[in-house]
Amino acid sequence: MALYILAFIILLPLIEIAVFIQVGSAIGVLPTVILTVLTAVAGTIMLRQQGLSLIMRMQSEMDAGRVPGRDMMHGALIVLASLFLLIPGFVTDAIGLLLFVPPVRDAVARFIIARANVTIVEGGSMHRREEGVVDLDEGDWSRAEDETSPTGTPRISPWSGDDKPGS
């Protein structure tokens, strides 16, 4: 994975320079610069507009007692899209604009979740999947060590050192 990130960091500027040269020779230097500035402005406008609606959806999900897992992923992708639009270049602008399209964001979110080794469970909460690890629901746990105090009497609370009620 680190190799892919390193390749992305090295190759992206080279690709952007090549595209800048091609676009600049086709439409001229000034229109190329203006187009780059306009995409940065569009990114900030879209972040504000879609970000506010996303925050409102997340708030309504939380008010209904649900975890807004899907909306949180969309929020992260909207921020990423805006960053791509703020970075000067046509390739990053194209990626950023694509991430503002909800079906594309859904597909990217599903891809990331599948790669992140997590499982979405009822209510939108996420749990990490690992080999040999069993997810336990709240209340289905027990302590592995002995639940007695150093004096041998049973502990009342596993979170305190109290051996007797009221002490």
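Exactly one residue out of L52, L77 is in contact with a Leu (Cβ under 9 Å, 6 or more places away or on another chain) and not polar (S, T, N, Q): that is L77.
Looking at Q59, Q49 in this structure, which one is modelled with pLDDT under 85 and not aliphatic (A, V, I, L, M)?
Details: Q59 fails: modelled with pLDDT under 85.
When all the criteria are applied, what remains is Q49.
When restricted to residues that are of a type in the set (S, T, N, Q) and under 30 Å from T32 (Cβ atoms), the range 58-105 contains 2.
From the list A40, A26, which one is over 26 Å from R115 (Cα atoms) and in contact with a helix residue (DSSP H, G or I) (Cβ under 8 Å, 6 or more places away or on another chain)? Step by step, each of A40, A26 is checked, and only A40 is over 26 Å from R115 (Cα atoms) and in contact with a helix residue (DSSP H, G or I) (Cβ under 8 Å, 6 or more places away or on another chain). Take the residues in the range 23-49 that are within 31 Å of the chain's Cα centre (by Cα) and of a type in the set (S, T, Y), then tell me which one is farthest from G75 (Cα to Cα). So, considering only residues that are within 31 Å of the chain's Cα centre (by Cα) and of a type in the set (S, T, Y), the one farthest from G75 (Cα to Cα) is T36.
The values are calculated or read from the model by the stated rules, or taken from the named source; none is laboratory data. Source: prediction; values computed, not measured. Please note: Cβ atoms are built from the backbone with ideal geometry, for glycine as well, and neighbour counts cover all protein chains shown.
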